[in-house]
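**Q** Have a look at the structure that comes next, please.
The values are calculated or read from the model by the stated rules, or taken from the named source; none is laboratory data. Keep in mind it's a predicted model, so treat the numbers as computed, not measured. Please note: Cβ atoms are built from the backbone with ideal geometry, for glycine as well, and neighbour counts cover all protein chains shown. The accessibility values were calculated without ligands, DNA or RNA, using every heavy atom of the protein model including side chains. Shrake-Rupley method; radii C 1.70, N 1.55, O 1.52, S 1.80 Å.
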Amino acid sequence: MTEFHSKPLDALRLVPGVSRPRRLRRTAALRSLVRETTLSPDDFVYPLFVVPGAKTRNPVTSMPGVDQLSVDLLAGEARELESLGIEAVLLFGIPSAKDPLGLESYADDGVLQQAIRALKDASPELVVMTDVCMCEYTDHGHCGLLDSDGYVLNDETLEVLGRIAVSHGEAGADVVAPSGMIDGMVGVIRAALDGEGLERVAVLSYAVKYASAFYGPFREAAEGAPAFGDRRSHQMDPANAREALREAALDVEQGADALLVKPALGYLDVVRRVHERFPELPLAAYNVSGEYAMLKAAAASGWLDERAAVLEVLTGIRRAGADLVVTYHAKEAAAWLQERL
Ligand code: PBG
């Protein structure tokens, strides 16, 4: 400090020829010309929560702006998404009845299967992705079949996951997304689909899913909170990143068409590492319910500029290496991006 203060002002100027990165930031046009990361509505996947019944739109309290919808409202939703340039949805179903075996998860007339058909009828071009997991369908809220100690059984659960994926594929899903972190799920689902002539159905694996506190609001939306215990015996420890590469490698070997890392914001290093290790596969990141709720709550208190913060977060997830972003912000972000044009 003292040294600077003692110098005459002109001695503090940059010497001619020195690099000045600010030259390329001077105008909006220059900034957009050199922008490295793009954000566009077709990078987004919008999650939808489907409930039984008709004319039902239930707001999810902890996720302002997100509603559970009945099947008859999906056609209207599809049209809205289309007008915003959003090309993909990820479906979660809330069944009319839950039981220990999660039977509605693969019922031909289950709520999710009906939702897939309704969306495909309304908008054949829309990419319909489905969550393949048992937690919304079991009365205990766990992601698989349990043994007498409440431990999620691996191989017994795999068979059910295969059935769920086939039922989604038969209803018209384009992509199935197993989210349970059950070992071997991708291989079993691929074999089950192919065995039923559903080779066209792609598998987007939640290859790297952490046991995160940020799924809290989702569990209200999907009504799938575990009745006891937690998910730490199958979801990953937030402290581990090398293990993420092992998980991703196993799913690639088993035939995953695309990978997903979840949550996004606390795990951008993991997004980057998976992207670098498997550059040949599309990579998705899930900007989860708790991440959405944080921004919504801060914005509602007037503590953040919502639009700027949301677009910054989504850009950051893309910059880390995600090709696709699963996000509850999709509709508002798409509308803001359209306004910018
Ligand atoms: C499981 C599933 C969960 C989420 C997506 N799929 C919940 C969990 O693992 O407990 C969370 C998504 C979010 O928080 O937005 N079917």
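**Q** From A248, A191, which residue is farther than 29 Å from L69 by Cβ and open to solvent by less than 10 Å² (accessible area, probe 1.4 Å)?
**A** Only one candidate qualifies: A248.
Table: residues versus (1) away from the ligand (no atom under 16 Å from the Cβ); (2) among the charged types (D, E, K, R); (3) modelled with pLDDT of 95 or more; (4) not in a helix (DSSP H, G or I).
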position: A118; (1), (2), (3), (4): yes, no, yes, no
position: D121; (1), (2), (3), (4): yes, yes, yes, no
position: T130; (1), (2), (3), (4): no, no, yes, yes
position: C143; (1), (2), (3), (4): no, no, no, yes
position: V188; (1), (2), (3), (4): yes, no, yes, no
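**Q** Take G180 and tell me if it is assigned to a loop (DSSP other than H, G, I, E, B) and under 16 Å from the mean Cα position of the chain (by Cα). Step through it out loud before you land on a result.
**A** Numbers: assigned to a loop (DSSP other than H, G, I, E, B): yes; under 16 Å from the mean Cα position of the chain (by Cα): yes.
Taking the combined requirement at face value, the residue satisfies it.
**Q** In the set G229, G266, G216, G255, which member is open to solvent by 10 Å² or more (accessible area, probe 1.4 Å), touching a helix residue (DSSP H, G or I) at 6+ places or on another chain (Cβ under 6 Å) and within 16 Å of the ligand (Cβ to nearest atom)? Give the derivation first.
**A** Working: G229 fails: touching a helix residue (DSSP H, G or I) at 6+ places or on another chain (Cβ under 6 Å); G266 fails: touching a helix residue (DSSP H, G or I) at 6+ places or on another chain (Cβ under 6 Å); G255 fails: within 16 Å of the ligand (Cβ to nearest atom).
Checking each option against the conditions leaves just G216.
**Q** Examine region 51-59 for a residue that is touching a residue at least 40 places away in the same chain (Cβ under 8 Å) and more than 23 Å from A335 (Cβ to Cβ), and state whether such a residue exists.
**A** For region 51-59, residues touching a residue at least 40 places away in the same chain (Cβ under 8 Å) and more than 23 Å from A335 (Cβ to Cβ): present.
**Q** Is it true that some residue in region 270-292 is within 16 Å of the ligand (Cβ to nearest atom), hydroxyl-bearing (S, T, Y) and open to solvent by 20 Å² or more (accessible area, probe 1.4 Å)?
**A** no
**Q** Does region 86-94 contain at least one residue that is part of a helix (DSSP H, G or I), open to solvent by less than 20 Å² (accessible area, probe 1.4 Å) and on the phi < 0 side of the Ramachandran plot?
**A** Within region 86-94, not a single residue is part of a helix (DSSP H, G or I), open to solvent by less than 20 Å² (accessible area, probe 1.4 Å) and on the phi < 0 side of the Ramachandran plot.
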